[in-house]
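One structure is given below, encoded as structure tokens.
The values are calculated or read from the model by the stated rules, or taken from the named source; none is laboratory data. Just so it is clear, the model here is predicted, and its values are computed rather than measured. Cβ atoms come from the backbone with ideal geometry, glycine included; neighbour counts cover every protein chain shown.
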Amino acid sequence: MSSRLQLISLKKKQEFKDIMSANKISTEYFTIYYQKKGSEKKNEILLSCVSAKKLGNAAYRNKLKRKLKNATREAIKDLKIKFKTNYKYAIFAKQKIYNTEFKKIVKELKFKLLEI
């Protein structure tokens, strides 16, 4: 079994619409939208990391998403049991995340994920 945490991405437009109309937590680095899951996919972590087109070109946006997704994996590993898998998440990157230290992003993510 792989040591990497498997995150299943949201794919459908309707999934994003549903989550974005639900609950939201904002920080200076990212915004977390979350919604309680139905009975489907109970043990899977449904999570998408998104960076808006206005943040820059594709290479820049992909770097932001990679950084955010890796920070999310790290935060979830550290939280272990305290992380709520009965929610679906969409995390939107903000411009400031690019020049921020990785550890600082992980710390902020852990703090905000515990608020949920």
Practice prompt. Return a yes/no flag: does segment 43-63 have any residue that is of a type in the set (V, I, T), crowded, with 16+ Cβ neighbours inside 10 Å, in contact with a helix residue (DSSP H, G or I) (Cβ under 8 Å, 6 or more places away or on another chain) and more than 26 Å from K13 (Cα to Cα).
Written response: no
Worksheet entry | Enumeration of residues in segment 1-34 that are modelled with pLDDT of 95 or more and within 23 Å of D78 (Cα to Cα) | K24, I25, S26, T27, E28, Y29, F30, T31, I32, Y33, Y34
Practice prompt. Quickly run through segment 48-62 and pick out the residues that are in a helix (DSSP H, G or I) and either under 13 Å from F92 (Cα atoms) or touching a Cys at 6+ places or on another chain (Cβ under 6 Å) (or both).
Written response: K53, K54, L55, R61, N62
Worksheet item: Can you name the number of the only condition in (1) surrounded by 15 or more Cβ atoms within 10 Å (Cβ to Cβ); (2) of a type in the set (K, R); (3) in a helix (DSSP H, G or I); (4) at pLDDT below 95 that K80 fails?
Response: (1)
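Please work out if R73 is modelled with pLDDT under 95, part of a helix (DSSP H, G or I), surrounded by 15 or more Cβ atoms within 10 Å (Cβ to Cβ) and not polar (S, T, N, Q).
yes
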